[in-house]
Amino acid sequence: MTLRALHDVPAPAKLNLFLHVVGRRADGYHLLQSLFVLIDWADRLHFERRGDGALRRHDQRPDAGVALPAEDLCVRAARALQAASGCPLGVDIHLDKRLPTGAGMGGGSSDAASTLLALNCLWGLHWPRERLAALGLQLGADVPFFIGGENAFVEGIGERLLPVEVPELRYAVVKPPASIETRSIFTHPLLRRDTEPVASPVILAGSLGGRDGRMSGDPGDTGPGASRTRNSARARVGAWVHEGFGRNDLQPPAEDRCPEVAEAARWLQARYGNSRMTGSGSAVFARVESSPGTAAPSDNHEAMPAPAAVAPEFTADLPAGWVGRMCKGLARHPLVHWAG
């Protein structure tokens, strides 16, 4: 049966549990290491197939009055896939924008990724995930992460992804009204560009068996040695999460450019005992869990305190103009099975 429409397609946000700037390439791009985790705060998209090849986007925003740009990443993603595939079909895209913009949570990139995954189905293209991810990289460094479907240790300029298993915590996330231009962060004199790189989970644990480095390993490699290395890597990533390993190197310049980021960090710190900015801001999060985890050594990097053991409601107390939500970390992207 031919698909005519796809409704209520999620585009989840991500958090950077840490973000280190470890160097700079000759072309000026900064080299990063980060741990990306998916959360259940998401935009929603609706797609209706068109036979005339036209690409149209329609806003459905709870905060009506703030229009998205005509050439947003959804439209650009649809146009890129249409051109690369030679598909004669078009689409009406209805975007229900629930994520705050300018937050450092990857909302635009996630919208683009969900658009590529949805149109891959709606247009009957059946592209493999790797081909969609390569196209997504042309739209933005974070797009392949959302297409990949799993939480990941990220390196390079954001294009090198190692899927990892991350403990499913909750996160209190707040965003003050102000947003920050990313360029102003990366050109700021307070930006540290020489954080010592950490070894990836694969290097720390040895070979995981799988050719693609997946934490699940190669199905054919079931020996006790493979199991131990996978468990060792999982333990290291779990320790990173529970102990609040590292820092966000972009946070000091962001706080200098936007004092509201520092205010949000203090606000969460007072309630949950930890806080950290995500991405280039201005959203800030705190780790929250039902029962405290066991911290491991911090590899000489700064660490946030252990997650708070309770998760009281907090949104009613938000300062005027702030938005926030108690979020749950996701083990997988909800559209993980939409591409091979």
Report summary line: Spelling it out for Ala152: with amide H atoms placed in the peptide plane at 1.01 Å from N, the residues 5 or more places away or on another chain with amide H under 5 Å from its amide H are Phe36, Val164
Report task. For His58 and Arg332, compute 0.36 nm times the residue count separating them, minus their Cα-Cα distance, and round to one decimal in nm. Result -> 95.8 nm
Report summary line: Non-local residues with an amide H under 5 Å from the amide H of Ile180, with H modelled 1.01 Å from N and Pro and chain starts lacking one, are Ser282
**Report entry** Under Karplus coefficients 6.51, -1.76 and 1.60, residue-wise ³J(HN,Hα) of region 84-89 in Hz, glycine/proline x
**Finding:** 5, 8, x, 6, x, 7
Report task. Arrange Glu155, Glu196 by Cβ neighbour counts within 10 Å, fewest through most, would you? Result -> Glu196, Glu155
**Report entry** Per-residue ³J(HN,Hα) for region 99-110, Karplus 6.51 cos²θ - 1.76 cosθ + 1.60, θ = phi - 60°, Hz, x for Gly and Pro
**Finding:** 7, x, 7, x, 9, x, 9, x, x, x, 5, 5
Query raised in the report: For region 12-23, what does the Karplus curve 6.51 cos²θ - 1.76 cosθ + 1.60, with θ = phi - 60°, yield as ³J(HN,Hα) per residue in whole Hz, taken in order and with x for Gly and Pro?
Result: x, 7, 10, 10, 8, 5, 8, 8, 10, 9, 9, x
Report task. Could you tell me which of rounded, prolate or oblate describes region 1-106, using a ≥ b ≥ c as the square roots of the eigenvalues of the alpha-carbon gyration tensor, with rounded for a/c under 1.5 and, failing that, prolate when a/b is larger than b/c and oblate otherwise? Result -> prolate
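Every read-out reported here was derived from the displayed coordinates using simple, explicitly stated rules and does not represent laboratory data. Since we're looking at a predicted model, the values are computed, not measured. In this analysis, Cβ positions are derived from the backbone assuming ideal geometry, glycine residues included, and neighbour counts consider all displayed protein chains.
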